[in-house]
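Shown next, in structure tokens, is the structure this report addresses.
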């Protein structure tokens with residue numbers, strides 16, 4: 001399906017980057033937006049892709065009122081990095097995956113207007129996450145574009161991201177499909193870094209103890225050799241048995 005949107009050639013049109021509305025209606029919604037953004041940005045690092053959160057997506061050149069602000073959107077085949085807003089006609093790509101952190105108050109908007117819009121824009125996957133479980137009993141619901149329409153995703157797998165999605169508390173967790181490895185959220189990354197730092201410090205301390213033991217052995221050997229040298233200078237060579245005893249052999 002080819003999406004047809006109106007266009008205008010005016011170069012004086014302003015496309016705002018904010019509507020001065022809050023990012024999210026509750027802490028739970030804000031937290032899952034930020035963690036999803038951070039995890040996917042880390043996952044797609046060094047790839048031709050960008051991840052944006054709560055920023056205007058303009059989809060009709062010349063018509064700044066035709067816009068939507070997805071909670072999190074992933075766009076492939078574009079320059080990495082942030083944008084103040086995203087214009088599809090400039091970037092030549094629409095988002096491949098969109099996440100909306102839904103609630104009872106946004107249910108109708110998310111399941112009707114936004115779903116229909118993303119379907120028309122040919123966004124490949126659309127995920128709805130209800131962190132409080134207000135209207136989605138399973139909390140996470142996904143749709144994948146098949147032909148011209150969205151069909152429910154039943155296996156919890158994102159094809160564009162090549163990740164398996166799971167619910168852990170009030171956040172979405174992401175797992176690599178190939179090895180099942182979890183993509184860590186910032187708090188988990190900090191804990192992992194702390195553990196790795198502790199293990200490194202323990203290893204360094206053990207190496208230092210080994211170095212000190214080796215140094216003590218070296219000094220003891222040098223002291224014994226010095227004693228033997230002084231003895232030889234005064235009394236000549238020791239009998240073999242005495243020399244071995246002095247060396248501690």
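Note down the nm distance, to one decimal, between modelled labels 7 Å out along Cα→Cβ at residue 85 and at residue 148.
Once both label points are built, they end up 3.0 nm from each other.
Determine one quarter of the surface area of the Cα convex hull of the range 27-183, which equals its mean projected area, and express it in nm² to one decimal.
Dividing the Cα hull surface by four gives the mean projection, 9.2 nm².
Please work out the FRET efficiency for the pair residue 14 and residue 205, using the Cβ-Cβ distance as r and a Förster radius of 41 Å; give the result to the nearest 0.05.
Once the sixth-power term is evaluated, E becomes 0.10.
Just need log10 I(q)/I(0) for the range 20-86 at q = 0.14, 0.18, 0.21 Å⁻¹, Debye formula, equal scatterers on the alpha-carbon atoms, no solvent, rounded to two decimals.
Debye output, listed in q order: -0.45, -0.72, -0.92.
All of the numbers you see were taken from the coordinates with simple rules; none came from a lab. Just so it is clear, the structure is predicted and the values come from calculations on it, not from any experiment. Backbone-built Cβ (ideal geometry, glycine too); neighbour counts: all protein chains shown.
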